[in-house]
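Structure first, commentary second.
Derivation of every value follows stated rules applied to the coordinates shown; laboratory data play no part. Being a predicted model, the structure only gives us computed values, none of them experimental. Here Cβ is always computed from backbone atoms with ideal geometry, including for glycine, and neighbour counts include all displayed protein chains.
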Amino acid sequence: MATDGGSTAIVAALTANIGIAVTKFIAFLLTSSSSMLAESIHSLADSGNQVLLLVGGKRAKRAATPDHPFGYGRERYVYAFIVAIVLFSIGGLFALYEGYHKWLEPEPITAWKWVPIAVLVAAIGMESYSFRTAIVESNRVRGDRSWVEFVRTAKAPELPVVLLEDAAALIGLVLALFGVTLTLLTDDGRWDAVGTASIGVLLVTVAVVLAVEMKSLLIGEGASPQAVRRIAAALVGDGVVSVIHLKTLHLGPEELLVAAKIEVDAGESATEVGRAIDAAEQRVRAAEPIARQIYLEPDLRRIASPKDAQAPER
């Protein structure tokens, strides 16, 4: 399920984008500005993206089944990846096409000249509110990570997606304002085309960044180095001598699989080993609460003989 903070940011962005999309489209109908059309499509795509994130969060809550024994937590990553595709195709490529078309056939803005300025200024205000909400909610979980590090390392996709979308929307509005203003001042429609094409480049760039990050999560990412250290430290004790090797995998943003081979004392009985494993699982869950699936394999640490140590590697 999407985190409360992620849901709050999504709803704020959805509300803002619906209002902005309607306002921009009305302005496009009145002025025929290509920048306004590109921004209308951008806001419409963003609104659809927020709906996709909400749907992904809801579907990820489904209980595990025999066909999907580890649940559906990763479905949030699937929907976030679809968001990147929508942003790239509907938002970015459309804006690039529209900018190219308007450059070849530039049209000055002749009717309702200052409507786009008023609409864009109002949209910047609404989008700033949405962006501020995303920043506030992200700061609750970001810790001491930089913004770039937060986007790259966050396991829950909703907040990074909304942050990047809102940042792109604000920059896009400024670019649209630049293009429309120069078009009004010069009566040269090519400035409108430049603003539109700039929006397209921006959206394609953001979409590629999102796609790369979501692809990494879809393939499967392990826990952070800090979490791995906490888990390794928690495993040792009460019959567990050391950790031979340890692997982790995020089954979803709030669910972690832990698999480890642990060293036990050769003189322990099967009953003692079982108790040691149960105690180790409890310690791991206390140290890392999202470690829901834990599989521990007891073993003996084998020390290589001097002959083996001198053998050449193959």
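Taking the DSSP beta bridges with both ends in the chain, the antiparallel portion is around 60 percent. Dividing the summed -39500 (n - 2.57) terms of all DSSP H runs of n ≥ 4 by the residue count of the chain sets its mean residue ellipticity at 222 nm at -22000 deg cm²/dmol. Count Lys and Arg as plus one, Asp and Glu as minus one, and take only other residues whose Cβ is under 13 Å from that of ALA207; the net charge is then -2. Taking a ≥ b ≥ c as the square roots of the eigenvalues of the Cα gyration tensor, an a/c ratio of 1.5 or more together with a/b larger than b/c marks segment 225-300 as prolate. Assuming a ≥ b ≥ c are the square roots of the Cα gyration tensor eigenvalues, decide whether segment 1-73 counts as rounded (a/c under 1.5), prolate (otherwise, with a/b larger than b/c) or oblate. The shape class here is prolate.
Taking every alpha-carbon pair under 8 Å whose residues sit at least 6 apart, the chain reaches a relative contact order of 20 percent.
Return, ordered by residue number, the residues of segment 175-190 whose backbone nitrogen is under 19 Å from a label point located 7 Å along Cα→Cβ of TRP114. Residues passing the 19 Å test: 177-188.
Membrane-span-like helices of the chain, defined as complete DSSP H segments with a Cα extent of 24 Å or more along the helix axis and a mean Kyte hydropathy of at least 1.6, are identified as 158-186.
Listed values (i) 62; (ii) 56; (iii) 46 include one computed from this model; for percent of Cα pairs over 26 Å apart that value carries the label (ii).
Each principal axis of the Cα cloud of segment 1-135 was taken in turn, and the coordinate range along them, longest first, works out to 63, 30, 20 Å. Once both labels are positioned 7 Å from their Cα atoms along Cα-to-Cβ, the gap between THR65 and SER269 label points is 4.5 nm.
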